[in-house]
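*Asks:* Quick one: the structure is below, questions incoming.
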Amino acid sequence: MSMLTSPRLQRAVDNLVVKSFAVTSDDSVLITGDYNTEMELLDAVAASVARAGGKPLIALAPVLPYQGGMSDPYVSTSLKAAANDSDIWFDFCFPYHAGSGMHSSTMENGRCRYCLLAMSSAESFERLYGCVDYNTLLEFNVAIAEYFLQAEGEIVRFTCPLGTDVSMKLDKMKTVRKGLCKDPGTYTVPGTQSFYPVMESVKGQIVIQALFDEYYRGLRRPITIEADGGIRSITGGGAEDRISFDRALRRAGGGQEYGNFIHFTAGFHPATMLTQKHFIEDIRVPGSNAIGMGLPWWEPGGGENHPDGIVLDQSLWVGDDQLVDNGDFVGPEKLKTLYEAMSRVLD
């Protein structure tokens, strides 16, 4: 470990490597980054893997122009070979490899545990993994995942101060958060929980303040998305944002106009900052809701391009329960008790 590595970063990488993935001497660990990823972060993760007895390999490549399947022409065969022969794959690339042909073939092998980290900044990583009571964060994340799992069929509604007001019927959970990432499959950063709509049930309007289509940024003017089953129209925003968003939605919709709403989320990480630069951190800010659009990743062609818009300061209801009020987590009581037990850790 470098002498310049902060205690927070060391704690953060150990929370990922040891607490979440339980790396051992049996594990070959691939760490992918792009030319935007800070080497301090990649080196710290590799050092933690080595301390745990694992065998790390850092692989650097140019920044992908797209995420998912649209990145396939830009990925080398040597990287594909490394991914397919790894036990654990920490992917810091943004855009990311999840949804790509390489990711799919690696998952089909039934060996690798893939973590979609998709962040370039050591400081952002510190906040997400090292500036929080990590065990309590995981406990809350597992509990809220189980809550949504049991709420299938309920009507969900969320609003925001800028005019979002949308409702939907809750569908089955596609993935369920686990405290320990011990089985082959795809995992994500703690601090948010996705929930999935019955797609034709989504109705209302959604006002987003940040957007990840071909790149990620805060919007200089909000964009309003009209929903009636699928995505019917987009209005507002700056001209440059409407152009790229329209292009991404049509591409992601697979020729079906703008496509559908794939997922919604509840962000609740107590140590986050709204950066408007780091997508993975911003969608975990308390009160945020990341709206995934296009084709579902579990259907053919899904995941090739997956635009996400972010609503801030949401209020969220599931059936008769209000979970969030203008960004503040308010219940139900069992979840609220766990939520209030979480705290920032800055030493």
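*Asks:* For region 18-59, give me the residue count where each residue is crowded, with 22+ Cβ neighbours inside 10 Å, over 22 Å from P95 (Cα atoms) and out of contact with any strand residue (DSSP E or B) (no Cβ under 7 Å at 6 or more places or on another chain).
*Replies:* Residues in region 18-59 being crowded, with 22+ Cβ neighbours inside 10 Å, over 22 Å from P95 (Cα atoms) and out of contact with any strand residue (DSSP E or B) (no Cβ under 7 Å at 6 or more places or on another chain): 2 in total.
*Asks:* Scan region 249-275 residue by residue and report those that are of a type in the set (A, V, I, L, M, F, W, C), over 30 Å from V132 (Cβ atoms) and either buried (at least 22 other Cβ atoms within 10 Å of the Cβ) or touching a Cys at 6+ places or on another chain (Cβ under 9 Å) (or both).
*Replies:* A252, the sole residue that qualifies.
*Asks:* Kindly list the number of the only condition in (1) touching a His at 6+ places or on another chain (Cβ under 7 Å); (2) outside any strand (DSSP E or B) that fails for Y114.
*Replies:* Result: Y114 fails condition (2) only.
*Asks:* For R217, are the conditions met, namely being among the charged types (D, E, K, R) and either more than 30 Å from Y129 (Cβ to Cβ) or within 15 Å of the chain's Cα centre (by Cα) (or both)?
*Replies:* Criteria not met by R217.
*Asks:* Could you list, in sequence order, all residues of region 167-184 that are in contact with a helix residue (DSSP H, G or I) (Cβ under 7 Å, 6 or more places away or on another chain) and small (G, A, S)?
*Replies:* Matches in region 167-184: G179 only.
*Asks:* Part of a loop (DSSP other than H, G, I, E, B), among the acidic types (D, E), more than 20 Å from E123 (Cβ to Cβ) and outside the structural domain of I280 (by TED's automatic domain parsing), is that true of D26?
*Replies:* Here the answer is yes, as D26 does meet what is asked.
*Asks:* Going by the structure shown, is V202 surrounded by fewer than 20 Cβ atoms within 10 Å (Cβ to Cβ), β-branched (V, I, T) and over 25 Å from H269 (Cβ atoms)?
*Replies:* no
*Asks:* For region 117-140: of the residues being assigned to a helix (DSSP H, G or I) and of a type in the set (S, T, N, Q), which is farthest from T337 (Cα to Cα)?
*Replies:* Result: S124.
*Asks:* If only one of L180, L219 is assigned to a strand (DSSP E or B), assigned by TED's automatic domain parsing to the domain that holds N141 and either hydrophobic (A, V, I, L, M, F, W, C) or surrounded by 21 or more Cβ atoms within 10 Å (Cβ to Cβ) (or both), which one is it?
*Replies:* The match here is L219.
*Asks:* Of the residues A151, A145, only one is out of contact with any helix residue (DSSP H, G or I) (no Cβ under 9 Å at 6 or more places or on another chain) and within 26 Å of I88 (Cα to Cα); which?
*Replies:* A145
*Asks:* Then there is this: From I262, I225, I208, which residue is hydrophobic (A, V, I, L, M, F, W, C) and over 19 Å from the mean Cα position of the chain (by Cα)?
*Replies:* One residue alone meets the criteria, I225.
*Asks:* Please work out which residue is nearest to L64 (Cα to Cα), limiting yourself to region 227-241 and to residues that are out of contact with any Pro (no Cβ under 8 Å at 6 or more places or on another chain) and crowded, with 16+ Cβ neighbours inside 10 Å.
*Replies:* Across region 227-241, the extreme among qualifying residues is D241.
The values are calculated or read from the model by the stated rules, or taken from the named source; none is laboratory data. This is a predicted model, so every value here is computed, not measured. Quick reminder, even Gly has a Cβ in these numbers, built from the backbone with ideal geometry, and neighbours come from all protein chains shown.
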